[in-house]
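Below you'll find the structure, written out as structure tokens, and then a few comments.
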Amino acid sequence: VLTNAVELQGLSVGTHSATVRVTAAGATNSPQTMVVTLVVGKGEQTIEFPAIGDKLESDAVGLSATASSGLAVSFAVDAGPAILAGSTNLTFTGAGRVSIVASQGGDGSWKAAPEVTNTFEVSPLTVVSSTHVNVRENGEGRFFVRLAVAPAAKTTATVSRISGDADISVQGGETLVFTPANWGEWQAVTLAAADDADAASGAAIFEVTR
């Protein structure tokens with residue numbers, strides 16, 4: 001039977017000791033004292049990082065996550081066309097899949113939390129009907145362009161060859177005008193390939209910019 005109770009509260013990480021007195025009815029060597037040792041380890045913590053959801057490349061996101069320990073959470077771009085400005089402000093440099101990692105490294109009382117990764121898609125403001133167009137020699141090929149969201153005012157998209165065979169060029173639709181009324185309508189871009197002396201296939205890369 002313990003004749004003095006020891007209550008230990010708010011102990012820091014490390015080893016703690018307390019002396020207690022023990023009595024046993026009928027024992028000739030009672031009471032006895034003994035030292036109780038308690039080892040306190042770092043606590044476990046988790047991170048809650050809500051889903052971000054798909055975005056447009058013009059969007060900006062304020063990142064937010066919480067650790068069960070109450071410690072501050074850090075963010076990093078794991079993959080994709082994104083830039084983290086400051087500690088929580090996320091912007092995008094293009095379209096694609098983006099992965100953001102939330103982490104909390106712990107401190108003197110808490111272990112590092114398991115990292116949580118949030119992955120989502122970033123869509124372009126300008127949408128093309130196809131990324132590969134076949135253009136026959138001395139002939140034409142077409143693709144179509146529209147916007148993903150309505151612009152606030154009239155805006156222009158320009159189609160230009162940035163590399164590849166100079167025989168392939170934009171024949172029509174080099175400049176496309178979109179308004180708040182027609183932004184969702186497909187507009188045609190016509191590519192042409194000039195006749196040349198060889199029988200080899202050529203290729204060129206074209207870019208749509210706003």
**OP:** Enumerate the residues in the range 177-210 having an amide nitrogen under 15 Å from the point lying 7 Å beyond the Cα of Ser160 toward its Cβ.
**Re:** 205-210
Subject >> Asp107, Asp195, reordered so the largest accessible area comes first (probe 1.4 Å) >> reply: Asp195, Asp107
Subject >> Placed amide H near Arg97: partners under 5 Å, 5+ positions off or other chain >> reply: Val122
**OP:** Mind listing the long-range amide H neighbours of Leu191? Cut-off is under 5 Å, sequence gap 5 or more, other chains count too, H placed in the peptide plane at 1.01 Å from N.
**Re:** Gly141, Arg142, Phe143, Gln171
Original post:
For Thr88 and Lys111, FRET efficiency with R0 = 35 Å and r from the beta-carbon atoms, rounded to 0.05?
Top reply: 0.90
Original post:
Once the other residues with Cβ under 13 Å from the Cβ of Val135 are scored (Lys, Arg +1; Asp, Glu -1), what is the net sum?
Top reply: -3
Original post:
How high is the FRET efficiency from Ser129 to Glu48, r the C-beta distance, R0 35 Å, rounded to 0.05?
Top reply: 0.30
Original post:
If all Cα-Cα distances of the range 107-202 are sorted into 10 Å bins from 0 onward, what percent lands in each bin, rounded to whole numbers?
Top reply: 13, 33, 21, 13, 8, 7, 3, 1
Original post:
So what are the ³J(HN,Hα) numbers for the range 59-65, from phi and the Karplus equation (6.51, -1.76, 1.60; θ = phi - 60°), rounded to whole Hz, Gly and Pro as x?
Top reply: 6, 10, 10, x, 6, 8, 7
**OP:** Express in whole angstrom the spacing between the alpha-carbon centres of the range 60-108 and the range 136-195.
**Re:** 36
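The values are calculated or read from the model by the stated rules, or taken from the named source; none is laboratory data. A quick note: this is a predicted structure, and the numbers were derived from the prediction, not measured. All Cβ positions, even for glycine, are placed from backbone atoms using ideal geometry, and neighbour counts span all protein chains on display. Side chains are part of the model used for accessible areas, which takes the heavy atoms of the whole protein and leaves out ligands, DNA and RNA. Shrake-Rupley method; radii C 1.70, N 1.55, O 1.52, S 1.80 Å.
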